[in-house]
1. Return the inverse of the average 1/r over all pairs of distinct C-alpha atoms in the stretch 568-653, which is the Kirkwood hydrodynamic radius, in Å to one decimal.
2. Placing +1 on the Cβ of each Lys and Arg and -1 on the Cβ of each Asp and Glu in the stretch 134-221, which of Ala183, Ser139, Gly213 has its Cα farthest towards the positive end of the resulting dipole?
3. Taking the Cα centre of the stretch 116-262 as origin, sum charge times position over the Cβ atoms of Lys and Arg (+1) and Asp and Glu (-1), and report the length of that vector in debye to the nearest 20.
4. With a Cα-only, solvent-free Debye model of the stretch 99-149, what are the log10 I(q)/I(0) values at q = 0.13, 0.15, 0.20, 0.30 Å⁻¹?
5. Tell me whether the stretch 276-406 comes out rounded, prolate or oblate; compute the Cα gyration tensor, take square roots of the eigenvalues as a ≥ b ≥ c, and use a/c under 1.5 as the rounded threshold.
6. If amide hydrogens are placed 1.01 Å from N in the peptide plane, which non-local residues have theirs closer than 5 Å to the one on Leu292?
7. Using the Kirkwood formula over every pair of different C-alpha atoms, what hydrodynamic radius in Å results for the stretch 102-196?
8. Could you tell me which Cys residues in the chain have no other cysteine's Cβ under 4.7 Å from their own Cβ, answering none if every one has a partner?
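Derivation of every value follows stated rules applied to the coordinates shown; laboratory data play no part. No experiment lies behind these values; they were computed from the predicted model shown. Every residue, glycine as well, gets a Cβ built from its backbone with ideal geometry; the counts of neighbours run over all protein chains shown.
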Amino acid sequence: MLPLIHQVLFFIFALIAGGFGLWGFYRLYRRVARGAPASEDRAGNPVQRVLYALRVSLTQERTFRRRTTISVLHSFIFYGFVYYLLVNVVDGLEGYIPFHIYSKDSPLLAGYNFLADLLSMLVLVGVISLLIRRLFLPSKRDFRFTDKTLLHPLLRANYILRDSLIVSSFITFHVGSRVLGNAAKMTEEARKLGGYDSFQPFSSALGRLLFNGASEQAIEGWRIFGYWGALGSVLAFLAYFPFTKHIHIFMAPLNYALKRPVGSGVLPPMKGLEEAMEADEPRLGAEKLEDLEWPRLLDAYSCIQCNRCQDVCPANATGKALSPAALEINKRMELNVIAAHPSPFTLKPAPFEGGAATGHPLLEFAINEESVWACTTCGACMQVCPVQDEQMLDIIDIRRHQVMVAGEFPPQLQTAFRGMERASNPWGISRDKRLEWAEGLKVPTIDENPEPDVIYWVGCAASYDPGAQKVARSFVQLLDKAGVNYAVLGKKEACTGDSARRAGNEFLYQTLAQENVETLNQVAPKLIVATCPHCMNAIGNEYRQLGGDYRTIHHTEYLETLVAAGKLPLTQLAENVTYHDPCYLGRHNGVYDAPRSLITQMAGEVLELERSRENSFCCGAGGAQFWKEEEEGSERVSDNRFRELQARLDDAKAASDEFEQTGKVVAVGCPFCKAMMNSTPEKQKRDDIVVKDVAELMLESVQRADGTWQQAAPTGPVEGATPLEQPEVASAPNAQTPMDRTGD
């Protein structure tokens, strides 16, 4: 127990410090609540949400997805602090209530003491190691940003470093004080019980080293110091805690519990859009902090500032200004600024917390316009984030404001918007030509076959892009060979609006989507199969927001079922095949195995890439990037990806020269991925690498199996002919327009 005077003083100190701490947390709540209402259910199934939050928090499964060594060190601190919730309570009671926790009394008490001792040392190891990493090791580059990235003034003034030093000092002092106090306690108990506690080896060793010959008064003094140092520092730190990045220890579990009820491929709905657009001052999307939905203000406080999202961002990896990490950190910095008072003892809310508007638009402090339009909406940032932040959705909301309110967006997008408005496709080609891709094939329309088992959603790419048309023709020939009862919508099909929505033109998206929903509701399809993951995602996931609920799958999934049913016999192909995971098929919708299963049956194995499955790297077309020039950077996103693809194929070729494989194939499952990989400057140097959709490979395999395969005419130079002069491939990134890429 503490002496009476210390009991009184500590109780008064706890009331004051605890009061300021609670006031700080209340103000933090007020700041988060200033965000716009959430457009999605964030509280349904509360029991499942709590269980999910507990599981993810306690297993640290999202943290361990990358940087294993660093994650282990982080887990030392996390588990130490979780256990310290109990340790601090027990230690606090020991100061006022006469009781002892002796390891010799029971295995339960021995276990408690051992964990407290072990985790105390692991916390110190973790925090000191991570501080050394941030300050001195080469991995400190993880916390750097490009010169083009917009950084908040506080961030430029090394606020994060200062904050890290303050918090690291607090953790070291807090846990170190407890260890010193416990070491004195071990010495005191050893004198009473005749020996040190073997279940507290670290504290006992420190006690022997420091206090073995000390007087009882000195030992008592160190025990009191340990009490005040450990528990007093926690109470004193509470007032600063809401302003530090380490608030994520509370906010991350809350973020897990309040996660979106849908996957990353579904954008938040915008209800009452027409009425909002007709208002005198329409508020659409996000211009200021308070326009963001409140869960995304919570994101700012959940952010661990680890920059993992920046590591996987394709725009950032290719030298562009976008940094999802900087976006979240900048939001936090601005929230700290607008919450600041001249005196920490000011007991009133800041103006923003009381309802006042912020003074600066997001584009002035959180993210610059160049970064907003560099996002490919691949979802890699959201997938890798340890605390489940939603960086991509912030960018979408900013785009919505820029397009529908400010009218400021890349001019190339206007061509795609106009095409979707006038011809129901971003190419702007007449809707009457939507079925010309099927010329020479007997492809039934819904009018000719009103009760099909399968509706094949062709999509705009397969309707108008020559490269994607080959995929559509291959797929329907496979359906015919398998005897599938299918139909297409033909001219009744309109663009799903995916590109419009991800470019921020929600009004255009809803116009197109509502037309398709009305058509599909009349058709009442049993199953929709799409060769485009963007179409599959929009129809199967996002149309539910507009009253369209359809079972929709990717063509590789459907083809896998046909092969499994024995309707499409396959034979071995003579190529090495690697596979590029499309973002909207894999990361956003979780389809990884179906295309791999088919490729394995045709090529023996899939040459897996280092960045594959949920860690796949974007082709650069998503987020409406296909319809505009890439922002300035060190290279094109597609070039970065293609170099990885060609390196894998080259390595496999070198290792398998004695086998019969003669070709190199990049297999894809998305028409936009195919167009990007075929058109990227790096590909122009490699005529020996062919980019094909899985359906194209399958048609060749099936035709080889049934003896109907006919080798296509060679497309390379004819022997003896004078070679044509080849145009020089542009070395600068972003050199080709979408029409150049598709060949239209």
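1. On the way: mean 1/r = 0.0700 Å⁻¹.
Value: 14.3 Å, from the Cα pair sum.
2. Comparing the listed Cα positions along the dipole, Ser139 ranks first.
3. On the way: 17 positive and 9 negative charges, 163 e Å.
Roughly 780 debye for the stretch 116-262.
4. -0.54, -0.60, -0.75, -1.02
5. Numbers: a/c = 2.12, a/b = 1.21, b/c = 1.75.
Note, shape of the stretch 276-406 comes out oblate.
6. HN-HN under 5 Å from Leu292: Ala36.
7. Working: mean 1/r = 0.0608 Å⁻¹.
After inverting the mean inverse Cα-Cα distance, the result is 16.5 Å.
8. Within the chain, the cysteines lacking a partner Cβ under 4.7 Å are Cys303, Cys306, Cys313, Cys375, Cys385, Cys460, Cys495.
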